[in-house]
Structures are given as C-alpha cells and as structure tokens.
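Following: one structure in structure tokens, then a few remarks.
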C-alpha cells in the first residue's frame, strides 16, 4: 500500500499559495473550462470573455506522485484548502500568475475566489466542474493575447497552485535524488541569478529562484523535479531564443539550468524509465 502524505501550511511560516499557474497537466486532474459570451448583442459579433473558471484545490483527494522507484499520494485537508484560499487573498497574490509553474506572465488575474459550500447550489455546478464541498474555485481573466490564444488552442488545460506546497512535495527526504548534472547547468543557474539581480529580481517565482540556487550550489534534485525541469525547459525554449538578457523568459530559462539542463534531464528520465 502506498504512503499517503498530508500537505499542510506551517503556521510559523504561513506562506501558502504564492501564485496560480496555467498548466497542461494540472496536479489536481481537473481541467478548467473557458467561458464564452453567451449574449448576442446588436451590431456586434459574439466575442470571448477571456475568462476561465477552475478548481485550484480539492480537499481530501489523493494525488499520485512518483519519484524514482518511490510512489506515494499527497492530499490537502478541507482546513488547509480554506486557509490557502484565505492567505492567497490576504497576501494580495491575485495578480500572481505563471505558465507551467515558472514563467511569470502579466495580464492574468484571479477576479473571483470562493470555497464551495453546497455542490448543488454552487455556481461551479453550472460550469460542470463536479466540485466537492470544501473545494477552492477561482475565476481568472486572461487579458494577455498570447496566453489566451494558447488557452484556446488547448496548450494550457488546467490550474495548479505553487508556493509552500510544491516545495514540500518535491523534496521528501527518503526519495532518491541526483546531483550528477553537468557544471554548465550550475553555471547557467548562476548566470540567471546574476541577470535577475540586475533587474531587481523581478523574474521567476520563488520556486524558480529556489531551484536556481539549488542548481548553482550543486545540490541533489529528485526525479519529480527533473521531470518538471524538462517539461518547463522544453516548453519555454522559445522565450530563451530571443537572447534578450533583460527579458524574464530568458532569465527564467537560465535559472532552471538552460539548454544543458534540458538535455541532462531528458537523458535522466530515459534512464529512469529503463529501470
């Protein structure tokens, strides 16, 4: 039987959710839906509202995780889900949005947030979200043209929280970890840190900054982290190709180890799959 690990908010640190990310594969396995303007107006063409609604957290739902040969589940209690939603608003994080947990993006904001109290009467039922009592629902408005086009194409399919929980999830002490990445990976991370300082550390989420310091210090990373590295580096390579050393896309790519990290991560994943 697999271990089941509860994820909590430490009252001493009380960081909670720092951002909500648009992702291809949401950890809670619930896709959001894009809401379109249902009202046909005179003299106008029916336009998209550029709004998505989804579940940021679902209480007591086992979420499968695998790191190397270790398999386990994590879950959030109803108390933790509610506290997460409250802290998110209290800390003024509604404009903090990312793509695939790394690239900060402007023009994406949470405009509604609530805890589902009655599944039959709650408006999530209208959207077909199949929410449960205690779930945290959010509505996000996407004014960023490129991001909206990507949502329409199905590139981003769901929501995923990041912050305290992500950090706790990916570093169980008993999990196998690796530190045999090339020196170029560390060098890229160091370069990213330097460039980020020059722009007042405005680029990347706290998770990305922690990852960069981890790679710069040549600390071990778990297989789950390696998979996240490869996923992000594969998707965000177009932002790196601009060569703009002041652009957050370029800096964030380096913070996660750059091209050499992508190659190393891909090989490591293939090796792990052969075991």
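Tell me, what is the FRET efficiency for residue 60 and residue 210 to the nearest 0.05, using R0 = 22 angstrom and their Cβ-Cβ distance as r? Provide the component values of the computation, followed by the final result.
Working: r = 28 Å, r/R0 = 1.27.
The pair residue 60/residue 210 has a calculated efficiency of 0.20.
What full-extension length gain, to one decimal in nm, is calculated for residue 247 and residue 24 as 0.36 nm per residue of separation minus the Cα-Cα distance?
Working: separation 223, 0.36 × 223 = 80.28 nm, distance 2.33 nm.
Going from the current span to full extension adds 77.9 nm.
Tell me, what is the FRET efficiency for residue 198 and residue 8 to the nearest 0.05, using R0 = 35 angstrom and their Cβ-Cβ distance as r?
Numbers: r = 37 Å, r/R0 = 1.05.
Working from the Cβ atoms, E equals 0.45.
Applying 1/(1 + (r/R0)^6) with R0 = 45 Å to the Cβ-Cβ distance of residue 90 and residue 237, what FRET efficiency is obtained, to the nearest 0.05? Intermediate results must be reported in sequence, preceding the final value.
Working: r = 36 Å, r/R0 = 0.80.
Step by step, r from the Cβ atoms, then E = 0.80.
Read-outs: derived from the displayed coordinates by stated rules, not from any lab. What you are looking at is a predicted structure, and each value in this text was computed from that prediction instead of being measured. Please note: Cβ atoms are built from the backbone with ideal geometry, for glycine as well, and neighbour counts cover all protein chains shown.
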